[in-house]
Amino acid sequence: MILSVGKTTTGRNASATLAFHQYRQATQEGGDEAAERAQLIKLGIECADNRFRAKLHVEVIQNLSMLGPKRGNRPEAICDGMELGRAYIAEGTEGARKVARRLELKRWSPQEIERADEQEMESLGRTSALGPQASAVVQKLIPPGEGWTRYDDDMLMDQRSQIYFVQIGPRRGQYLKHDPKSNRFEDVGVPHASKEFPITLSAGSGCSVRRGAKLDRVVVLNDIAKIARLALKFPLSFVDTPACAYALFQGLRNSEAAQWCAENFHKKLLPMLADKIHSYEDDELRSVLTRALEALDAELLLGAGGAASAFSGCSALVALVLGRRLVVAGVGRVRAVLLPEIGPPRPVLALCPGDFEGSEERARLQGVGGAMVRDGLLYSSPMECSDDAMRIVAARHVFEVFQTESGVPTDVKQIKSIYRKLALRVHPDKLPEGADPSIYKMAFARLDSAKDALEAMITEDAALCKELSRVLNSEVRTRAGAIGLLGTEDADDAEKVSKGLRKKLEKMRHVAPDFDRAEAVCCEAVATLRRAFASESLPRHEALIKEGLSTSRAMGARDSRFPYPLVQMKPDSASVHLPNGRCRVALLCGATAAFSDDILVSSTARLARQPKASALRWCMDADQQAACASALCISADCTVEGPATKRQRTSAAGPEGSVRVRHILFAHLQLRQPDPMARRPGTARTVQEAEVAALAVLEKLVLADKDPNVFLRACRELSDCQSGSQPGALSGDLGWLSRGQQETVFEDAAFSIGLKSFSDLVTSSRGVHIVQRLA
């Protein structure tokens, strides 16, 4: 069913029949030599739901597929296939398309159906030439897309996806994948043809720091195909466009984990996307984002090569836009919401689990043991607790339940004595005034079970019971504690000691309820000694163990995950298609994730086209008790007209490709170099303070957009640019602006806004701007 033909200019009807017979004669006389000629045609029959249809597939530099109408039986579809093949030989693509349309109305006669011969159609698959009308020997086919490298004389290969393309020979034009089990090449479908959607995207982030350091890090990748080609040196040409990625990482304890994840996010995500050149399903894209987070987490747990402490953690929310598809994944206290300009909000990713104030999560933490919640933070280190009931519930193992100042009891008599004293203190009938009855019930039940377990272990082997207690009470998350347990600081020797210790304790497996945890402690001690460290930073890193976490879902934070899994790294993911028209996507992390959908809309109703201003407003309105609030907003214009930025001509009064703008500048003290155009030093100490001041002014401007005097008054009073001193209506006026006159970020904002509209907050090397287009 493969036909190699040259191009012909003969007409339809009789000339088509003549060309077809010339082709048949050429195939019989040309033999193998003709196999090197011209284009590649595949004729076949498709069957679905007991319906048949002919398929014409032509493979040249770009592939062409054409289907005939669905038929009730195979002979009719064979007649269609013969007609399509003859039409393509005679008239090429256009002729075949005309015939395909005619076949929709064609009804084959009984005589034609009876003469239908599938072998005759299969003979069209013989490779041959068309006599004098055939072109010269066809060169090897070139597949679409970038990244193909030479595999052998006949095939090219895409290194990342391991897909092969046959350029010449019997399987010419086919895409193959090697099956290692059968050691054969199997046919695969045609790679995805990238589609360009008329969508304009912009994004902006906000952060509000109430106390301490800035903990969040934001990543905006506006063109992932370009970034893959320039930064990572491989193509990403089979994805739909626009192709953008976004990430919001909020640090827990410090910013080390968030910083490292922001720097390496694209290095994990883009290679995974490039592993497939065929169409992605939504669930596959969700898996890609999840695996990217897992890859980042795996390196964080090892200390990120010394770039971040293994005890530093972060929440993460990542998003991928390919064409109209939006895919998000997150872990920690994060949430994503779609905010259409018209219509109600649509939750995309619900608030991820991790709020340990919830009953379900509290029950899980109590089952793990070793958890203590104080002042809204989760602690994994043993804490001083005057309440016996709380201490027993939070105990990591049975030995901690019976822990006394003199240590762990060593005989059954001592256990019973301690039990009687503790039972009087935590019995539900002895509940103190104002105490939680559920806590005392759990404490008393655990005291009972711990007593039985300790008695069974001491009866089994008192010496091993004591050794098991030593293991479980070891603080192996620190280097000194791991060395104290295993007696060596050499990782290889520690591995041997750990195996021997676990083998020694094996006898206690059937009587010790915490045996698995003891094994985990031994393994974690080895991992601690294998982890790279710097002597000068080790005390600072290990001090993080004593700091609490605001969520029980996070990346990194190894001390809270091993050997006791108080914190889990379980990303959630979701996908949605962007609606027609304009919309925003709110990516929320930490305190901003607590907002209701209605508040997200109402607080930024007049900032629907300013994503950075929207994100900053959400951060400013977040819980004031939170040390840091962060958000990222994506603005999408999914209209059929295409990006407005292509309309360069804005006014007949100005030069071609220019716009007239005015601005208000908010300078700050963190400028890297003096601004020669500044009329005074900025009053804001940081970029964040300048953005907050600019946001307040922008909200006033959009509220009074019909009154030009509001802008003029604000510009004369607040702008730190010399243009603010210009007289009258010229205050802040920069005149006509063409490309190349200002910083790229300023020009992009100026050329993208509509007439009389205000830009988003624009941060440049001079400070923070509000730009208005005048013409």
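I need the full set of residues from the stretch 552-584 which are of a type in the set (D, E, K, R), surrounded by fewer than 23 Cβ atoms within 10 Å (Cβ to Cβ) and under 21 Å from the mean Cα position of the chain (by Cα), in order please.
570, 572, listed by residue number.
Conditions tested, residue by residue: (1) open to solvent by 40 Å² or more (accessible area, probe 1.4 Å); (2) assigned to a loop (DSSP other than H, G, I, E, B); (3) at pLDDT 85 or above; (4) not small (Gly, Ala, Ser).
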{"position": "370", "(1), (2), (3), (4)": "no, yes, no, no"}
{"position": "373", "(1), (2), (3), (4)": "yes, no, no, yes"}
{"position": "383", "(1), (2), (3), (4)": "yes, yes, no, yes"}
{"position": "386", "(1), (2), (3), (4)": "yes, yes, no, no"}
{"position": "389", "(1), (2), (3), (4)": "no, no, yes, no"}
{"position": "396", "(1), (2), (3), (4)": "no, yes, yes, yes"}
{"position": "400", "(1), (2), (3), (4)": "no, no, yes, yes"}
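Does residue 545 satisfy the criteria of being open to solvent by 20 Å² or more (accessible area, probe 1.4 Å) and either touching a helix residue (DSSP H, G or I) at 6+ places or on another chain (Cβ under 8 Å) or of a type in the set (Lys, Arg) (or both)?
Working: open to solvent by 20 Å² or more (accessible area, probe 1.4 Å): no; either touching a helix residue (DSSP H, G or I) at 6+ places or on another chain (Cβ under 8 Å) or of a type in the set (Lys, Arg) (or both): yes.
No: the conditions fail for residue 545.
Tell me whether the stretch 244-254 contains one or more residues that are touching an Asp or Glu at 6+ places or on another chain (Cβ under 7 Å), polar (S, T, N, Q) and crowded, with 22+ Cβ neighbours inside 10 Å.
For the stretch 244-254, residues touching an Asp or Glu at 6+ places or on another chain (Cβ under 7 Å), polar (S, T, N, Q) and crowded, with 22+ Cβ neighbours inside 10 Å: present.
Given 734, 774, which one is in contact with a His (Cβ under 8 Å, 6 or more places away or on another chain), at negative phi and open to solvent by 20 Å² or more (accessible area, probe 1.4 Å)?
Numbers: 774 fails: in contact with a His (Cβ under 8 Å, 6 or more places away or on another chain).
It is 734.
May I ask you to list the residues in the stretch 338-368 that are assigned to a loop (DSSP other than H, G, I, E, B) and open to solvent by 20 Å² or more (accessible area, probe 1.4 Å)?
Narrowing the stretch 338-368 to residues assigned to a loop (DSSP other than H, G, I, E, B): 341-345, 350-358.
Those that are assigned to a loop (DSSP other than H, G, I, E, B) and open to solvent by 20 Å² or more (accessible area, probe 1.4 Å): 341, 342, 343, 344, 345, 350, 351, 353, 355, 357, 358.
One residue is enough: does the stretch 280-289 have a residue meeting the conditions assigned to a loop (DSSP other than H, G, I, E, B) and either open to solvent by 20 Å² or more (accessible area, probe 1.4 Å) or farther than 19 Å from residue 634 by Cβ (or both)? So that I can check it myself, show each step before the final result.
First pass over the stretch 280-289, keeping only residues assigned to a loop (DSSP other than H, G, I, E, B): 280-281.
From what is left, the residues that are either open to solvent by 20 Å² or more (accessible area, probe 1.4 Å) or farther than 19 Å from residue 634 by Cβ (or both) are 280-281.
For the stretch 280-289, residues assigned to a loop (DSSP other than H, G, I, E, B) and either open to solvent by 20 Å² or more (accessible area, probe 1.4 Å) or farther than 19 Å from residue 634 by Cβ (or both): present.
Here is a list of conditions, (1) closer than 22 Å to residue 609 by Cα; (2) in contact with an Asp or Glu (Cβ under 8 Å, 6 or more places away or on another chain); (3) surrounded by fewer than 21 Cβ atoms within 10 Å (Cβ to Cβ), and residue 741 meets all of them except one; can you say which number that is?
Only one criterion is unmet by residue 741, namely (1).
Residue by residue through the stretch 531-575, note down the ones that are among the hydroxyl-bearing types (Ser, Thr, Tyr) and within 20 Å of residue 360 (Cα to Cα). Working first, answer last.
Applying the first criterion (among the hydroxyl-bearing types (Ser, Thr, Tyr)) to the stretch 531-575 yields 535, 537, 550-552, 560, 564, 573, 575.
Within the stretch 531-575, 550, 551, 552, 560, 564 qualify.
Kindly indicate the residue of the stretch 629-646 that is of a type in the set (A, V, I, L, M, F, W, C) and open to solvent by less than 10 Å² (accessible area, probe 1.4 Å) and also modelled with the lowest pLDDT among those meeting that condition. Write out each step before concluding.
So in the stretch 629-646, the residues of a type in the set (A, V, I, L, M, F, W, C) come out as 629, 631-634, 636, 638, 640, 644.
If we keep only those that are open to solvent by less than 10 Å² (accessible area, probe 1.4 Å) too, we end up with 629, 631-634, 636, 638.
Values: 629: 94, 631: 97, 632: 98, 633: 98, 634: 98, 636: 96, 638: 89.
Checked the stretch 629-646; the qualifying residue modelled with the lowest pLDDT is 638.
Before we move on, is residue 311 under 16 Å from residue 248 (Cα atoms), surrounded by 23 or more Cβ atoms within 10 Å (Cβ to Cβ) and modelled with pLDDT of 95 or more? Can you show your working first?
Numbers: under 16 Å from residue 248 (Cα atoms): no; surrounded by 23 or more Cβ atoms within 10 Å (Cβ to Cβ): yes; modelled with pLDDT of 95 or more: yes.
No.
Quick one: count up the residues across the stretch 291-308 that are open to solvent by 10 Å² or more (accessible area, probe 1.4 Å) and within 22 Å of residue 234 (Cα to Cα).
2
List the helices (runs of 4 or more DSSP H) that sit entirely inside the stretch 648-764 and contain at least 2 residues that are within 33 Å of the chain's Cα centre (by Cα). I'd like the intermediate steps shown before the answer.
Numbers: elements: 687-703, 708-718, 744-752.
By residue number, 687-703, 744-752.
Within the stretch 682-699, work out how many residues are open to solvent by 90 Å² or more (accessible area, probe 1.4 Å) and either within 25 Å of residue 709 (Cα to Cα) or of a type in the set (S, T, N, Q) (or both).
1
Quick one: residue 230 ticks every box in (1) part of a loop (DSSP other than H, G, I, E, B); (2) open to solvent by 60 Å² or more (accessible area, probe 1.4 Å) bar one, so which box is it?
Exception for residue 230: condition (1).
Could you list all residues from the stretch 466-499 that are of a type in the set (S, T, N, Q), at pLDDT below 95 and either surrounded by fewer than 20 Cβ atoms within 10 Å (Cβ to Cβ) or in contact with a Pro (Cβ under 6 Å, 6 or more places away or on another chain) (or both)?
Correct list: 473 only.
Looking at the stretch 754-766, which of the residues that are of a type in the set (A, V, I, L, M, F, W, C) and open to solvent by 20 Å² or more (accessible area, probe 1.4 Å) is nearest to residue 690 (Cα to Cα)?
Looking only at the stretch 754-766, we keep the residues that are of a type in the set (A, V, I, L, M, F, W, C), and these are 755, 758, 761-762.
Pick out the ones that are also open to solvent by 20 Å² or more (accessible area, probe 1.4 Å) and you get 755, 758.
Details: 755: 26, 758: 17 Å.
The selected residue is 758.
Mind checking which residues of the stretch 524-542 are among the charged types (D, E, K, R) and either out of contact with any Gly (no Cβ under 9 Å at 6 or more places or on another chain) or open to solvent by 90 Å² or more (accessible area, probe 1.4 Å) (or both)?
Initially, the stretch 524-542 is screened for residues among the charged types (D, E, K, R), giving 524, 530-531, 536, 540, 542.
524, 530, 536, 540, 542 - these are the residues of the stretch 524-542 that are among the charged types (D, E, K, R) and either out of contact with any Gly (no Cβ under 9 Å at 6 or more places or on another chain) or open to solvent by 90 Å² or more (accessible area, probe 1.4 Å) (or both).
Taking into account only those residues within the stretch 230-262 that are touching a residue at least 40 places away in the same chain (Cβ under 8 Å) and of a type in the set (D, E, K, R), which is nearest to residue 161 (Cα to Cα)?
Going through the qualifying residues, I end up with 240.
Write out, first by first residue and then by second, each pair whose Cβ atoms fall under 8 Å of each other, whose residues are 6+ apart or on separate chains, and whose first residue, in the stretch 96-116, is within 10 Å of residue 76 (Cα to Cα) while the second is polar (S, T, N, Q).
Going by the 8 Å Cβ cut-off, the qualifying pairs are 113/73.
Working only within the stretch 171-203, note down all residues that are over 21 Å from residue 326 (Cα atoms) and in a strand (DSSP E or B).
175, 176, 177, 178, 179, 184, 185, 186, 187, 188
Would you mind stating whether residue 747 is acidic (Asp, Glu) and without any contact (Cβ under 8 Å) to a residue 12 or more places away in the chain?
Spelling it out, residue 747 is indeed acidic (Asp, Glu) and without any contact (Cβ under 8 Å) to a residue 12 or more places away in the chain.
Restricting the search to the stretch 402-433, which residues are assigned to a loop (DSSP other than H, G, I, E, B), surrounded by fewer than 17 Cβ atoms within 10 Å (Cβ to Cβ) and not hydroxyl-bearing (Ser, Thr, Tyr)?
Going residue by residue through the stretch 402-433, those that are assigned to a loop (DSSP other than H, G, I, E, B) are 402-403, 405-406, 408-411, 427, 431-433.
Adding the requirement that they be surrounded by fewer than 17 Cβ atoms within 10 Å (Cβ to Cβ) leaves 405-406, 410-411, 427, 431-433.
Of everything in the stretch 402-433, those that are assigned to a loop (DSSP other than H, G, I, E, B), surrounded by fewer than 17 Cβ atoms within 10 Å (Cβ to Cβ) and not hydroxyl-bearing (Ser, Thr, Tyr) turn out to be 405, 411, 427, 431, 432, 433.
Would you mention how many residues in the stretch 494-533 are part of a helix (DSSP H, G or I) and under 21 Å from residue 455 (Cβ atoms)?
So in the stretch 494-533, the residues part of a helix (DSSP H, G or I) come out as 494-508, 515-530.
Now drop any that are not under 21 Å from residue 455 (Cβ atoms), which leaves 505-508, 515-518.
Matching residues across the stretch 494-533 total 8.
Look through the stretch 71-81, keep the residues that are of a type in the set (A, V, I, L, M, F, W, C) and under 48 Å from the mean Cα position of the chain (by Cα), and return whichever of them is nearest to residue 50 (Cα to Cα).
Step one: list which residues in the stretch 71-81 are of a type in the set (A, V, I, L, M, F, W, C), which gives 77-79.
This time we only want the ones that are under 48 Å from the mean Cα position of the chain (by Cα), so: 77-78.
Numbers: 77: 12, 78: 15 Å.
Among residues in the stretch 71-81 that are of a type in the set (A, V, I, L, M, F, W, C) and under 48 Å from the mean Cα position of the chain (by Cα), the one nearest to residue 50 (Cα to Cα) is 77.
Filter the stretch 547-565 down to the residues that are in contact with a Ser or Thr (Cβ under 7 Å, 6 or more places away or on another chain) and over 22 Å from residue 260 (Cβ atoms) and list them by number.
The answer is 564, and nothing else.
When both residues are 6+ apart or on different chains and their Cβ atoms are under 7 Å apart, which pairs have a first residue that lies in the stretch 559-574 and is outside any loop (DSSP other than H, G, I, E, B), and a second that is of a type in the set (Ser, Thr, Tyr)?
Sorted first by the residue in the stretch 559-574, then by its partner, the pairs are 559/380; 560/380; 568/552; 573/290.
The values are calculated or read from the model by the stated rules, or taken from the named source; none is laboratory data. It should be emphasised that the depicted structure is a prediction, and the values quoted were computed from it without experimental measurement. In this analysis, Cβ positions are derived from the backbone assuming ideal geometry, glycine residues included, and neighbour counts consider all displayed protein chains. Surface accessibility is based on the protein's heavy atoms, side chains included, excluding ligands, DNA and RNA. Shrake-Rupley method; radii C 1.70, N 1.55, O 1.52, S 1.80 Å.
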